[in-house]
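This report refers to the structure that appears directly beneath it.
The values are calculated or read from the model by the stated rules, or taken from the named source; none is laboratory data. Since we're looking at a predicted model, the values are computed, not measured. Neighbour counts run over all protein chains shown; Cβ positions are idealised from the backbone, glycine included.
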Amino acid sequence: MNFGIKPEDKKKCVMIGDRFDTDIRFGHNAGIDTAFVLTGCHTLENAFDPNTSYRATHILPRLGHFRSRSEREESSESSLILPPA
């Protein structure tokens, strides 16, 4: 499914959300990166639960930690918690 997202634009998109069953699932189904925010109903434990159906590409403590690629490249501080490979 592409959900109206052009294939060439998928690398420019990220679905940000706090629920695996809706937000992260949507991003996964659309073929775009996802960022799970820990300020909602699901937790970090849910992110690493082997029974969770969809995995987020990135995990953010809160939305304020989301920064553009250029901002991240200019800073040595990481804004993302990356799930284990």
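Tabulated data for the structure shown
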| read-out | value |
| --- | --- |
| Test: residue in region 9-27 that is surrounded by fewer than 17 Cβ atoms within 10 Å (Cβ to Cβ), in contact with a helix residue (DSSP H, G or I) (Cβ under 9 Å, 6 or more places away or on another chain) and of a type in the set (Ser, Thr, Tyr) | no |
| Among (1) more than 25 Å from ILE5 (Cα to Cα); (2) exposed (fewer than 10 other Cβ atoms within 10 Å of the Cβ); (3) at pLDDT below 75, the one test that SER70 misses | (1) |
| Failed item in (1) closer than 19 Å to LEU63 by Cα; (2) of a type in the set (A, V, I, L, M, F, W, C); (3) at pLDDT below 90, with MET1 passing the rest | (1) |
| Residues (surrounded by 15 or more Cβ atoms within 10 Å (Cβ to Cβ) and over 20 Å from GLY64 (Cβ atoms)) located in region 28-45 | HIS28, ALA30, ILE32 |
| Count - residues of region 4-21 that are closer than 15 Å to ALA56 by Cα and touching a residue at least 24 places away in the same chain (Cβ under 8 Å) | 5 |
